[in-house]
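The values are calculated or read from the model by the stated rules, or taken from the named source; none is laboratory data. Since the structure is predicted, the reported quantities are computational estimates derived from the model, not experimental observations. Virtual Cβ from ideal backbone geometry, glycine too; neighbours counted across all protein chains shown.
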Amino acid sequence: MKITQAELYTVAVSEEQYPTTNLPEIALAGRSNVGKSSFINKMLNRKKLAHTSQKPGKTQTLNFYIINQRFYFVDVPGYGFAKISKKERESWGKMIETYLKTRKQLKAVLLIVDIRHEPTKDDRMMYDWLKHYGIPTIVIATKCDKIAKGQWEKQKKIIKQTLQLAPDVPLIAFSAETGQGKDEAWAQLAKFL
Ligand code: GTP
Ligand code: MG
């Protein structure tokens, strides 16, 4: 896809703050610090549109980025971040759950995992949850620049098995450093836009 325009449209923590448009929305989900915001930036060829950080917990709100006036990427706070209170965790859960469960404009979720590691219990819960609610999912195995290309298939197999991925769920090796997997990710996303 040729990106002619990409900007932060709005930031939301509750339903009345969601955009009132009917454009399709694609949300990102994944562990804190896994590379969700970096994924958005790479897909859009923008270095600093979505804020990234070496410290987990950077993204705290639902951030709606409007692309070409045609659809949104919705950057979502990551899960599994230890340094937050129980109360914060609960409000986080409610914010994400409400959005994912009720949003008609939501067309698909990109579940971002680290290609180097076996998916965590939280990753499995997230995938099972998306499956349960029938939300189309694309799994992105990111940071593939950090391991040798020869290991990608083996790691993908581990991810597939650990998440017990349905056969029709795409699993793409990706790197926000090199752009690996970008075209494939766009091709999969195009089906929902
Ligand atoms: P939260 O907002 O805290 O949930 O994190 P996030 O999932 O948005 O992660 P973010 O994009 O901020 O990236 C976290 C760190 O990982 C940053 O230091 C990024 O530079 C790094 N990173 C992300 N993607 C890649 C990648 O594909 N390759 C490499 N080498 N580093 C990456
Ligand atoms: Mg982020």
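Residues Leu23, Leu8, Leu28: which one is crowded, with 19+ Cβ neighbours inside 10 Å and under 21 Å from Lys104 (Cα atoms)?
Numbers: Leu23 fails: crowded, with 19+ Cβ neighbours inside 10 Å; Leu8 fails: crowded, with 19+ Cβ neighbours inside 10 Å.
Only one candidate passes the filter, namely Leu28.
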### Flag if Pro19 is within 12 Å of ligand 1 (Cβ to nearest atom), in contact with a Phe, Trp or Tyr (Cβ under 7 Å, 6 or more places away or on another chain) and outside any helix (DSSP H, G or I)
no
## Note on the structure
Within region 71-95, of all residues that are under 19 Å from Ala12 (Cα atoms) and of a type in the set (D, E, K, R), the one nearest to ligand 1 (Cβ to nearest atom) is Asp75
### Task
Test Lys42 against the criterion of being within 17 Å of Ala185 (Cβ to Cβ) and either modelled with pLDDT under 90 or among the charged types (D, E, K, R) (or both), and give yes or no.
yes
## Note on the structure
Picked from region 30-46 (must be within 6 Å of ligand 1 (Cβ to nearest atom) and in a helix (DSSP H, G or I)), the residue nearest to Gly93 (Cα to Cα) is Lys36
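For the condition in a strand (DSSP E or B), within 16 Å of ligand 1 (Cβ to nearest atom) and in contact with a strand residue (DSSP E or B) (Cβ under 8 Å, 6 or more places away or on another chain), what is the one hit in Ile66, Ile26? Explain how you work it out, then say what you get.
On the way: Ile66 fails: within 16 Å of ligand 1 (Cβ to nearest atom).
Going through Ile66, Ile26 in turn, the sole match is Ile26.
For region 164-180, how many residues meet the condition of being more than 22 Å from Ser53 (Cα to Cα) and either more than 16 Å from ligand 1 (Cβ to nearest atom) or not β-branched (Val, Ile, Thr) (or both)? Show your work before the answer.
Initially, region 164-180 is screened for residues more than 22 Å from Ser53 (Cα to Cα), giving 164-172.
Narrowing further to those that are either more than 16 Å from ligand 1 (Cβ to nearest atom) or not β-branched (Val, Ile, Thr) (or both): 164-171.
Total satisfying the criteria: 8.
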#### Entry: Residues (surrounded by 16 or more Cβ atoms within 10 Å (Cβ to Cβ) and either over 16 Å from Ala12 (Cα atoms) or free of Cβ contacts under 8 Å to residues at least 12 places away in the same chain (or both)) located in region 58-70
Ile67
#### Entry: Within region 77-94, tally of residues that are surrounded by 13 or more Cβ atoms within 10 Å (Cβ to Cβ), within 18 Å of Asp128 (Cα to Cα) and not small (Gly, Ala, Ser)
1
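Can you say whether Lys101 is surrounded by 18 or more Cβ atoms within 10 Å (Cβ to Cβ) and either within 13 Å of ligand 2 (Cβ to nearest atom) or at pLDDT 90 or above (or both), as far as the supplied structure shows? Reasoning before the result, please.
Working: surrounded by 18 or more Cβ atoms within 10 Å (Cβ to Cβ): no; either within 13 Å of ligand 2 (Cβ to nearest atom) or at pLDDT 90 or above (or both): yes.
Judged against the criteria, Lys101 is not a match.
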